[in-house]
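J.: Below you will find the structure I want to go over with you.
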Amino acid sequence: TPDFILSSRRRSLLSEKDVFQQLVLGGGAISSADWLVEICDALTDRAGEFVEELHDQILELEEIVLMRELPANGRLARIRKQLIMIRRYLSPQRDLVARLANEKLSWLDEDDRRRLLDIADRLRRWLDEAAEETQNAAPAEEPVAAEAVEAAPAEEITPAEVASVEEA
């Protein structure tokens, strides 16, 4: 039926809880199409908040590096990894939302399509920001790595160790 929503999930999502809470309070989606737009919007908002949070963490770490204080070991690398993971998550989501907006589905009206296009545009901006942050974090990581190498005790490398690395 047009008003039936089937969901398959492995874990609970905060975005889903947000949309459900709106329904419980008597607001929110009034149709399946409206629910789809609401859940896409909620997922996009949560992802955007996460990207902004990672951006703030990178700025904080860059400030620490500029002050010549070393941040917690591997913290910047973990943030970069999270940015890469969120990009892997958001990219197919952006493609799906854009495709839904452009499909001529009878149960989506023009307002739904416009809202989906807006969501796809927000996803594109978050992806661009995540890509930029990933690139910007790399130079900030270099001084940390260089100082860590300088601070480490010098170890003598044997010719056998060099050969084993070259063979690998």
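Just so you know, all these numbers are worked out from the coordinates, no wet-lab data involved. Since this is a predicted model, take the numbers as computed values, not measurements. With ideal geometry, Cβ positions are generated from the backbone for all residues, glycine too; neighbour counts draw on all protein chains shown.
J.: For the pair Arg68/Ser31, report the inter-label distance in nm, with labels modelled 7 Å from Cα in the Cβ direction.
T.: Between Arg68 and Ser31, the label points sit 6.5 nm apart.
J.: If I model a spin label as a point 7 Å beyond the Cα along the Cα-Cβ vector, how far apart are those points for Asp45 and Arg124 in nm?
T.: Result: 2.3 nm between the two label points.
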